[in-house]
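Participant: For reference, the structure I am asking about is given below.
What follows draws every value from the coordinates through simple rules; no lab data is involved. What you see is a predicted model; the values in this text were computed from it and never measured. Reconstructed Cβ throughout: ideal geometry from the backbone, glycine too, with neighbour counts over all protein chains shown.
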């Protein structure tokens with residue numbers, strides 16, 4: 001039995017070294033190197049090649065190299081084996097800090113001051129009014145972000161597919177309740193899993209339900225957003241700004257119109273970066289569980305997508 005690392009788009013030397021130190025008696029190999037695929041029974045994957053799975057006849061389990069599994073589940077050749085995700089409490093801390101900064105960027109008018117600096121313009125203004133934040137998605141990350149913002153004095157509401165209860169947070173579920181929540185928000189934060197039902201959910205219909213001048217923060221997946229609808233909402237003033245950390249195409253192409261928008265804060269998918277240490281420990285533990293014929297930890301429900 002061996003563990004295959006199929007994590008593309010990054011240098012995996014530290015990751016493989018850490019996994020090998022945790023699994024000293026096991027074979028840890030990287031996709032693209034000298035791999036005997038018939039021995040592979042466990043795969044750690046992030047954006048793996050689509051033709052990978054048909055080459056692994058003895059595969060027993062897969063782990064995503066992050067909290068999300070949507071790109072994995074979207075691959076048509078994915079075998080019918082358990083799929084786990086990484087659950088890292090530090091991701092929730094990083095995400096909360098990112099969202100708080102993104103809100104502050106617009107609330108404290110830093111976006112305007114950055115533009116004023118380029119024009120050598122000294123123009124102080126009051127802090128932007130409005131303290132109501134809505135979180136779309138109340139999973140592990142969404143819940144922690146909601147609690148953190150609530151503790152800092154924001155008026156927080158959250159929406160999820162199924163009913164949730166969080167102390168001090170107004171919770172909504174279902175399509176009708178989403179409209180109710182959106183109507184009063186100053187900031188809307190997307191932390192939804194990407195599924196057939198949530199793809200493109202950040203669109204004109206949703207933007208039009210928000211009060212004029214609201215701000216969008218998307219830290220979930222790029223495919224949640226209808227990019228043309230966002231540009232139109234910013235141009236019309238329906239939205240005052242947007243903070244975007246995820247995009248349908250990454251890296252964002254140099255010709256993309258988002259680069260030219262002064263009221264869009266762009267970051268390169270850094271809101272919650274997976275820790276090599278935490279991921280390696282969870283993968284090694286699940287590897288041992290598979291070897292012993294036990295169920296893996298943090299398995300996702302592949303039918304619902306999370």
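Participant: How far, in degrees from 0 to 90, does helix 13-22 lean away from the longest principal axis of the Cα atoms of the chain, to the nearest 10?
Facilitator: The answer is roughly 60 degrees.
Participant: As a test, work out the antiparallel percent of DSSP beta bridges whose residues both lie in the chain, rounded to the nearest 5. Mind dumping the intermediate values first?
Facilitator: Details: 2 of 44 bridges.
So the antiparallel bridges amount to about 5 percent of the total.
Participant: Also, I was wondering about something else. Can you put 78, 121 in order, fewest other beta carbons within 10 Å first?
Facilitator: With the fewest neighbours first, 78, 121 line up as 121, 78.
Participant: Moving on. Build a GNM of the chain with springs between Cα atoms under 10 Å: which of 290, 127, 145 gets the top mean-square fluctuation?
Facilitator: 127
Participant: Sort 256-263, 158-165, 185-192 for me by packing, meaning the mean count of neighbouring Cβ atoms within 10 Å per residue, highest on top.
Facilitator: Values: 256-263: 13.5, 158-165: 16.8, 185-192: 25.0.
Order by mean packing, descending: 185-192, 158-165, 256-263.
Participant: Determine the calculated [θ] at 222 nm for the chain from helices alone, applying -39500 (n - 2.57) to every DSSP H run no shorter than 4 residues and normalising by the residue count; nearest 500 deg cm²/dmol.
Facilitator: -9500 deg cm²/dmol
Participant: In region 89-266, what percentage of the DSSP-assigned beta bridges are antiparallel, given to the nearest 5?
Facilitator: Numbers: 1 of 27 bridges.
Within region 89-266, antiparallel bridges account for around 5 percent of the total.
Participant: Explain nothing, just the number: relative contact order of the chain, from Cα pairs under 8 Å at least 6 residues apart, as a whole percent. Before the final figure, lay out the partial values.
Facilitator: Working: 536 pairs, mean separation 53.3, N = 306.
Relative contact order comes out at 17 percent.
Participant: Would you mind telling me which residue in 233, 146, 129 has the biggest mean-square fluctuation in a Gaussian network model of the chain, where springs connect alpha carbons within a distance under 10 angstrom?
Facilitator: Looking only at 233, 146, 129, the largest GNM fluctuation is found for 129.
Participant: In which sequence would 64, 2 go, from the one with the fewest C-beta neighbours within 10 Å to the one with the most? Kindly include the intermediate steps, with their values, before the conclusion.
Facilitator: Working: 64 26, 2 19.
The order, fewest Cβ neighbours first, is 2, 64.
Participant: Can you sort 209, 150 from fewest to most other Cβ atoms within 10 Å of each residue's own Cβ? Each step should come with its number before you reach the end.
Facilitator: Numbers: 209 16, 150 19.
Sorted ascending by nearby Cβ count, the order is 209, 150.
Participant: Please state the relative contact order of region 1-128 as a whole percent: Cα pairs under 8 Å, 6+ residues apart?
Facilitator: Over region 1-128, the number comes to 19 percent.
Participant: On to the next question. Between 47, 11, 111, where does the largest GNM mean-square fluctuation fall for the chain, given springs only between Cα atoms within less than 10 Å?
Facilitator: Judging by the Gaussian network model, the answer is 11.
Participant: Next question, about the same structure. Give the relative contact order (percent, whole number) for region 89-266; include only Cα pairs under 8 Å separated by 6+ residues.
Facilitator: Relative contact order, region 89-266: 17 percent.
Participant: How far, in degrees from 0 to 90, does helix 89-107 lean away from the longest principal axis of the Cα atoms of the chain, to the nearest 10?
Facilitator: 20 degrees
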